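One structure below.
A short reminder: the numbers here are calculations on the coordinates, not readings from a lab. Just so you know, these numbers come straight off a predicted model, no measurement behind them. Neighbour counts run over all protein chains shown; Cβ positions are idealised from the backbone, glycine included.
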Amino acid sequence: MNFKEKALYQQIHPLRLITDWGSGLYACYCFWNQQMLLGIAMMFVPSLVVSLFVTRFGDLEKLKNSSFGKYYQRIYSKSIDLIRFIGFIIMAAGSWIHQWELLFGGLAIILYTWVFGIFSSKK
């Protein structure tokens, strides 16, 4: 598996997904409590560490050949990454200013980027 494939499939490794969702929720908690630096650190550091670990040691071939891996390969683009990041920024902003609507709106954007391919035609 080449580096480009590893970079793609490490994003859907269970350890990476758990880390991203857990650290993202904790980052929002930090922002809610006005802990900007800790929130920013939680946005990036855990995911970066786990990404490096999974890329190096994870069994990504199984993920590549799974139905989820095939789905993700079909829907993934850099635009999806950007939209997810914007969704998280909206969540963080909603947390900072204590606006549940923004927090859940950002979450809805993120969730949409994971499921929109179910409803779209295959490439």
So, for the Cα atoms of the chain, Rg and Dmax in Å stand at 15.3, 44
Take residue 86 and residue 114, extend 7 Å from each Cα along the Cα→Cβ direction, and tell me the distance between the two endpoints in nm. 2.0
What does the extension gain come out to for residue 49 and residue 101, with contour length at 0.36 nm per residue minus their alpha carbon separation? 15.6 nm
Surrounding charge for residue 9, neighbours by C-beta under 15 angstrom, Lys/Arg +1, Asp/Glu -1, total +3
